[in-house]
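For reference, the structure discussed in these notes is given below.
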Amino acid sequence: MSTIYGDWLKQQRETAGLTQQELADRAFMTRSHIAHIEAGRRVPSKEDARRLDMALGTGNVLSSFLPQGDEVSIADYFEAVLVLEQQAVMIREFGLTYFPGILQTKAYATAVLASAFPPVSEEERDRRVVTRLERAKILEDPVTPVVWALLDETLLRRPVASGEVMAEQLMHVVRLADAGRIRAHVMPFGVGLHPMMQSMLTLMWFEDQPPLAYTEGQRLGKVHDSPSVVRELQSRYDLALSDALPLKESLALLRATAKDYGAHD
């Protein structure tokens with residue numbers, strides 16, 4: 001998100017002689033939410049922008065010039081989501097084509113990023129791998145964030161790298177689940193069509209901010225800040241999760257598939 005919007009909000013707040021907390025109180029928001037908007041890390045919903053306009057007496061300026069409405073396209077940059085992942089207290093992932101980024105091993109991430117089109121240089125690929133591995137460091141905290149991963153069986157069956165790499169990736173997820181750090185559930189082929197087949201999805205909850213969602217498809221990523229959109233995506237996730245394999249059965253399938261890759265490498 002560009003900081004132009006946030007900078008203008010900060011300027012109007014300071015002109016009005018208000019602290020972030022005072023503006024938050026007037027707009028019925030949290031101080032941290034105001035701080036994130038001013039820093040360019042969050043986009044206010046239409047309702048947030050309306051309340052900010054009322055609190056600052058700025059007419060409908062903040063409402064009229066919302067970047068991309070309620071949703072911000074971040075196909076060319078992932079910085080906003082990187083920051084949000086660090087702040088989240090709960091993350092629920094759905095992996096459709098690839099394992100979610102925070103669960104990827106170095107070898108798996110390297111293979112996935114090497115397949116980028118248009119091709120990127122080896123140097124650029126390595127930079128992206130480092131960024132992806134840095135994201136995974138949030139799992140080093142033994143408690144926060146709570147992470148659930150819903151994995152389409154496609155991820156298990158489609159080899160995006162060598163058998164050794166695939167087996168390592170599968171067992172990495174198993175070890176995280178065995179340690180109690182994440183919950184992993186596989187959506188089996190037998191379910192057929194399910195509500196999550198359109199794109200990958202990340203749902204995030206925060207201690208003092210509204211929840212949001214991030215979806216990603218072909219060359220397009222979007223942060224969804226609209227409460228109604230986030231609720232709909234949460235409901236789709238819950239519905240799909242109800243059809244997934246239980247934890248123990250999911251881990252058994254991951255182990256068996258990893259063994260198959262190892263045997264056929």
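The values are calculated or read from the model by the stated rules, or taken from the named source; none is laboratory data. Only a predicted model underlies this, so the values are computations on that prediction, with no experimental measurement involved. Virtual Cβ from ideal backbone geometry, glycine too; neighbours counted across all protein chains shown. SASA here: full protein model, heavy atoms, side chains in, ligands and nucleic acids out. Shrake-Rupley method; radii C 1.70, N 1.55, O 1.52, S 1.80 Å.
Quick look at the numbers
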item	result
Accessible-area value, Trp205, 1.4 Å probe, nucleic acids and ligands omitted, Å²	60
Those aspartates and glutamates that a straight Cα-Cα span of less than 20 Å connects to Lys137, excepting residues fewer than 8 apart in one chain	Glu79, Glu85, Glu93, Asp126, Glu168, Asp178, Glu207
Probe 1.4 Å, protein heavy atoms only - accessible area per residue of the chain in square angstrom	50
Fraction of antiparallel bridges per DSSP, the chain only, in percent to nearest 5	60
Accessible surface of the chain [probe 1.4 Å, protein heavy atoms]: carbon and sulfur percent	54
Charged-residue dipole, Cβ positions (Lys, Arg, Asp, Glu), region 123-192 about Cα centre, Debye nearest 20	140
Three-way shape label, region 85-235, alpha-carbon gyration tensor, a/c 1.5	rounded
Mean residue ellipticity (222 nm) of the chain, computed from DSSP H runs ≥ 4 via -39,500 (n - 2.57), nearest 500	-15000 deg cm²/dmol
Protection proxy ranking of 184-192, 133-141 - average other beta-carbon atoms within 10 Å, highest first	184-192, 133-141
Charged-residue dipole, Cβ positions (Lys, Arg, Asp, Glu), region 190-259 about Cα centre, Debye nearest 20	380
Interchain or long-range residues, amide H under 5 Å from Arg42's placed H	Ile37
Rel. contact order, % - alpha carbon contacts under 8 angstrom, at least six apart, region 128-263	30
Cα-centred dipole magnitude for the chain, charges only on beta-carbon of K, R (+1) and D, E (-1), debye, nearest 20	220
Cut-off 10 Å between beta-carbons: net charge of the residues surrounding His194, Lys and Arg +1, Asp and Glu -1	-1
Overall Cα dimensions of region 190-265 - principal axes, largest extent first, Å	46, 29, 29
Accessible surface ranking that places the most exposed of Tyr261, Tyr214 first, with a 1.4 angstrom probe	Tyr261, Tyr214
Relative contact order %, the chain, counting alpha carbon pairs below 8 Å whose residues are six or more apart	21
Protection proxy ranking, peptides 246-258, 96-108, average beta carbon neighbours within 10 Å, highest first	96-108, 246-258
